[in-house]
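What follows is a set of notes on a single structure, which appears directly below.
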Amino acid sequence: MIPEAAIAYDFALVILTATVLGFLARKTNQPTIIAYIATGLVLGPVMFDVIGESQLVSLMSELGIALLLFLLGIEMKIDDIREILRPVANIAVLQTVLQTALAFVIPLMLGFSVQETMIIALCTVFGATPVIVKLLTDKDEASTLPGKIYIGVLILQDIYLVVILALFSSGTLGNPAQIGFTLGKILVLMSLVGALSLVSSRYILPVLFSRVADNRHAFFIHGLAWAFLFISLTAELNLSIEVGAFLAGLGLGQIPYREELKERIRPITDFFMVIFFSSIGLSLTADNLTAYWLEAVIASVLLMIGNFLIMFYLIDREKFTPKTSFLGSLNMTQVSEFSLVVGAIAVTQGYIQGDILGYLSLMALITMTASSYLINYNQEIYGKVEHLLRRFESDEKKDIELRRYRDHAVVVGYNPIVERIIPAIKQSYGEVIVVDRDPSSTEKLSRADFEYIYGDFNHGEIRKAAGIKDAAFVLSMARDMKVNHHILRDTGWETPVFLEAENFEDAAELYDRGAEYIMIENVVTADKMADYLELYVEDPEVFQEEIQDDLEAIYWGDRDA
């Protein structure tokens, strides 16, 4: 088979196998990352040995790590944890110290050498950010206090992760003095590049993306170009490409376009993730995976218990309620996929052998599988042990009231009608989130006294970011029936929803699906629409009387008009 055909065959086999195993993982409530690692194990030397590692696979795997860190940077919106930054910083610092110590003691007790133990400890201290954030988001718990604490700790941990990646990639871990010098150099250079990224997010990126936001292809390319600009910069500074990708994403995470960028970049990141985690499985032999299988099982159990107890102590120490301490701790019991990222780099640099990577892989598989069920059933578990946690209650322990969007108004699209009625909506509902994809409005909306999200409301993550399911009122000026269907499906029948339609037939369908009122521009003037909206937010009962004639025209009149 010619090389080009062989490469195509290998990639096709990897993607097909990952798709099948990913489907099974989702059906069993498992992270798809487990399916990707299993893909490499199935196709590699561990089982059928039909695919081997190639230079192309290695290159794509490295790009996969960089894009994962890039997406992680975009996820880091600093404002999201500002209100709990002090307790989260206290928890994160002590958690990193205590968990690193635990992660060092366990492999040392299990008979690993000091160098192997040091690498294992550094690999197993991170939380599984993408996996657990996805699980919490799916359960609508990412914006709860335990979720915020977990995500806040991860944000600070991720900075530690980037430093470790840069340190391992430097290849200069010869002696303590050399490590200290390298670490100092990495921190200085990271600070400079990070400052450049954050300054750009204030003065350069909003202008740059406002000019290309209306072209989805250019929008996507500019996002990737920004990532590779920083990757090239950090490569010139002898930092790892992961550092550059992360810092590039950090800047993009602070601008209004972040949600839409995440949606555009996530698919290509997911593709590279399949290749990267599959390549880890491909690089392992059955001997690698089973060399320390008993040690991996013992270490997994001890780490999960130890990590839970450490986090519970630290959250409880910050005077949060026992429920918050318990649920927040339950999120932190797994060995992260980043342990495999760091482990793979350590193998490449010659610090550890394949057997240790097999040990780390087995630990990741065990703990991520177990923790997925712990998170999916966290409320039920808490209900079973609530009586045992009462001993930790006291009058001085209370939870911080988070700024969480609930019973707010969501407005899709921005035009003169919306501009006119926004004050009345704010007065009635307090918080208003406007979602709009017109780049010409971005600068104005970014300075407004309400929350603004740039993006396409067809995207599920955009709707989640707007808190559509918890909204008390929804107004959409989009005539796209697909958008309208999403809104009515996500809100249900109890939430008043005002939509715009192009004709009577669409309007009748939307009424049948539960809409409160449908606006048809060629039937009702813009001023009349605004009058109706203002009337509703001021007095819904009077509004119902006023629109009765319109409703009868739609249901009993000429729908083809």
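Restricting K469, K444, K482 to residues that are among the charged types (D, E, K, R) and under 29 Å from L208 (Cα atoms) narrows the list to K444.
Every residue, every condition in (1) at pLDDT below 90; (2) of a type in the set (S, T, N, Q); (3) open to solvent by 50 Å² or more (accessible area, probe 1.4 Å), yes or no:
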residue: S210; (1), (2), (3): yes, yes, no
residue: V274; (1), (2), (3): yes, no, no
residue: D287; (1), (2), (3): yes, no, yes
residue: A299; (1), (2), (3): no, no, no
residue: I310; (1), (2), (3): no, no, no
residue: Y313; (1), (2), (3): no, no, yes
residue: F320; (1), (2), (3): yes, no, no
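Spot the failing condition for L499; the list is (1) open to solvent by 50 Å² or more (accessible area, probe 1.4 Å); (2) among the aliphatic types (A, V, I, L, M); (3) modelled with pLDDT of 85 or more, and only one is missed. Tallying (1) open to solvent by 50 Å² or more (accessible area, probe 1.4 Å); (2) among the aliphatic types (A, V, I, L, M); (3) modelled with pLDDT of 85 or more, L499 fails exactly one: (1). Just to be sure before I move on: is I425 more than 22 Å from E259 (Cβ to Cβ) and over 24 Å from the mean Cα position of the chain (by Cα) in the structure I sent? No, not satisfied.
Would you confirm, using the coordinates I've provided, whether E505 is open to solvent by 30 Å² or more (accessible area, probe 1.4 Å), farther than 20 Å from R216 by Cα and more than 26 Å from the chain's Cα centre (by Cα)? Yes; evaluated as a whole, the condition is true for this residue.
Please verify whether the stretch 265-275 includes one or more residues that are in contact (Cβ under 8 Å) with a residue 40 or more places away in the chain, touching a Pro at 6+ places or on another chain (Cβ under 6 Å) and closer than 27 Å to I453 by Cα. No, the stretch 265-275 contains no residue that is in contact (Cβ under 8 Å) with a residue 40 or more places away in the chain, touching a Pro at 6+ places or on another chain (Cβ under 6 Å) and closer than 27 Å to I453 by Cα. Set side by side, the residues F11, F48 differ, and just one is assigned to a helix (DSSP H, G or I) and modelled with pLDDT of 75 or more, which is F11.
Scoring T333 on the criteria (1) in contact with a helix residue (DSSP H, G or I) (Cβ under 8 Å, 6 or more places away or on another chain); (2) in a helix (DSSP H, G or I) leaves a single failure, condition (2). The single residue among P130, P107, P146 that is at pLDDT below 75 and farther than 21 Å from I315 by Cα turns out to be P130. Summed over the stretch 278-297, residues that are among the aliphatic types (A, V, I, L, M) and not in a helix (DSSP H, G or I) total 2. Exactly one residue among V411, V342 is of a type in the set (A, V, I, L, M, F, W, C), surrounded by 16 or more Cβ atoms within 10 Å (Cβ to Cβ) and under 29 Å from E295 (Cα atoms), and that residue is V342.
Of these, K482, K469, which one is touching a helix residue (DSSP H, G or I) at 6+ places or on another chain (Cβ under 7 Å) and surrounded by fewer than 17 Cβ atoms within 10 Å (Cβ to Cβ)? Testing whether each residue is touching a helix residue (DSSP H, G or I) at 6+ places or on another chain (Cβ under 7 Å) and surrounded by fewer than 17 Cβ atoms within 10 Å (Cβ to Cβ) leaves just K469.
The set of residues in the stretch 235-272 that are open to solvent by 20 Å² or more (accessible area, probe 1.4 Å) and of a type in the set (G, A, S) contains only A235. Would the stretch 365-373 turn up any residue that is in a helix (DSSP H, G or I), of a type outside the set (A, V, I, L, M, F, W, C) and either open to solvent by 10 Å² or more (accessible area, probe 1.4 Å) or more than 24 Å from T290 (Cβ to Cβ) (or both)? Yes: one or more hits.
The values are calculated or read from the model by the stated rules, or taken from the named source; none is laboratory data. Computed from a predicted structure; not experimentally measured. A quick note on method: Cβ atoms are made from the backbone with ideal geometry, for glycine too, and the neighbour counts reach across all protein chains shown. Just the protein is used for accessible areas: all its heavy atoms, side chains included, with ligands, DNA and RNA removed. Shrake-Rupley method; radii C 1.70, N 1.55, O 1.52, S 1.80 Å.
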